[in-house]
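Beneath this line is the structure, given in structure tokens, with notes to follow.
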Amino acid sequence: MTGVLVLAGTPIGDVSDAPPRLLTELTSADVIAAEDTRRLRRLTQALGVTPTGRVLSYFEGNEVARTPELVEALQGGARVLLVTDAGMPSVSDPGYRLVDAAVAVGIKVTAVPGPSAVLTALALSGLPVDRFTFEGFLPRKTGDRARQLAEVATEPRTMVFFEAPHRIAESLTAMAEAFGADRPAAVCRELTKTYEEVKRGPLGELATWAAEGVRGEITVVVAGAPPAAPSSLTPEELARRVAAREEAGEHRKEAIAAVAIELGLPKREVFDAVVAAKIK
């Protein structure tokens, strides 16, 4: 009989946000894999619970080596609880590698839903929430960051990013350059904590504000790109744009979709232009 892997969300600030099931899992798990065992100890003390299972560290530096050990415990029938410092495991935190390994050998994986900085910031941002995309942390190197932002410059959905306080001013400046200084955004700081703050405004203004220094855990929410103005390009010009992307290595279907998004046109219109060009 195999065990169960439980992914548990932990409070992102206010400890009273801990779901009741988290307390049950903390006291009943055979093994608790924690991103930081010291933080886990502080959490359990604040919750007034005492784990009875074995506590192991499971963080970025040792997850490759420790994953096989945890999978072996699961295969032996253990109930393994995975917690990170705050929020849900696997969301820009350790967890994905263990989930992937557990699924590969047929281990059941379940979750204790809990607080999420992504959804909390999205709800508080005042920006559209019907469709969104989570982009995680931006690359640290300037060139890599610029390239990644260029890739999502025309993304129509609201975007959510994580960022470190010592890089937030630089990242907001890069976003303003890539998306436009007038693009609406919100910087959500210290969510659910004593000094919670949500700063809303155009990216250019937020970059200036952040230059004075920002502290705490930060989540940035950015509005999606506005619809592009209708294109005045002829069918021949549309077909040439698709052909140029194909020559660069894109498949035709991807090239047609990319041109349609870039120009704010229906994919069918671009497709028809390509077909017409081939007939001629």
Open item on the list: With the requirement that a residue be modelled with pLDDT of 95 or more, assigned to a loop (DSSP other than H, G, I, E, B), β-branched (Val, Ile, Thr) and open to solvent by 20 Å² or more (accessible area, probe 1.4 Å), what does region 71-128 give you?
Closed with: VAL105
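In a loop (DSSP other than H, G, I, E, B) and buried (at least 16 other Cβ atoms within 10 Å of the Cβ), is that true of VAL220?
Values: in a loop (DSSP other than H, G, I, E, B): no; buried (at least 16 other Cβ atoms within 10 Å of the Cβ): yes.
Criteria not met by VAL220.
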TODO: For region 244-275, enumerate the residues that are open to solvent by less than 40 Å² (accessible area, probe 1.4 Å) and either in contact with a His (Cβ under 7 Å, 6 or more places away or on another chain) or in a helix (DSSP H, G or I) (or both).
DONE: ALA255, ILE256, ALA257, ALA258, VAL259, ALA260, LEU263, VAL270, ALA273, VAL274
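Within region 1-50, count every residue that is among the charged types (D, E, K, R) and either loosely packed, with under 14 Cβ neighbours inside 10 Å or assigned to a strand (DSSP E or B) (or both).
Filtering region 1-50 for residues among the charged types (D, E, K, R) gives 14, 17, 21, 25, 30, 35-36, 38-39, 41-42.
Still in the running and either loosely packed, with under 14 Cβ neighbours inside 10 Å or assigned to a strand (DSSP E or B) (or both): 14, 38, 41-42.
Here the count works out to 4.
Before we move on, is GLU212 out of contact with any His (no Cβ under 9 Å at 6 or more places or on another chain), among the acidic types (Asp, Glu), in a loop (DSSP other than H, G, I, E, B) and under 29 Å from ASP14 (Cα atoms)?
Numbers: out of contact with any His (no Cβ under 9 Å at 6 or more places or on another chain): yes; among the acidic types (Asp, Glu): yes; in a loop (DSSP other than H, G, I, E, B): yes; under 29 Å from ASP14 (Cα atoms): yes.
Here the answer is yes, as GLU212 does meet what is asked.
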TODO: Tell me which residues, restricted to region 60-90, are more than 27 Å from the chain's Cα centre (by Cα) and of a type in the set (Gly, Ala, Ser).
DONE: ALA73, GLY76, GLY77, ALA78
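The values are calculated or read from the model by the stated rules, or taken from the named source; none is laboratory data. Bear in mind that the values here come from a model prediction, so they are computed numbers and not experimental data. Here Cβ is always computed from backbone atoms with ideal geometry, including for glycine, and neighbour counts include all displayed protein chains. Ligands, DNA and RNA are stripped out before the accessible areas are found, and what is left, the full protein with its side chains, is counted by its heavy atoms. Shrake-Rupley method; radii C 1.70, N 1.55, O 1.52, S 1.80 Å.
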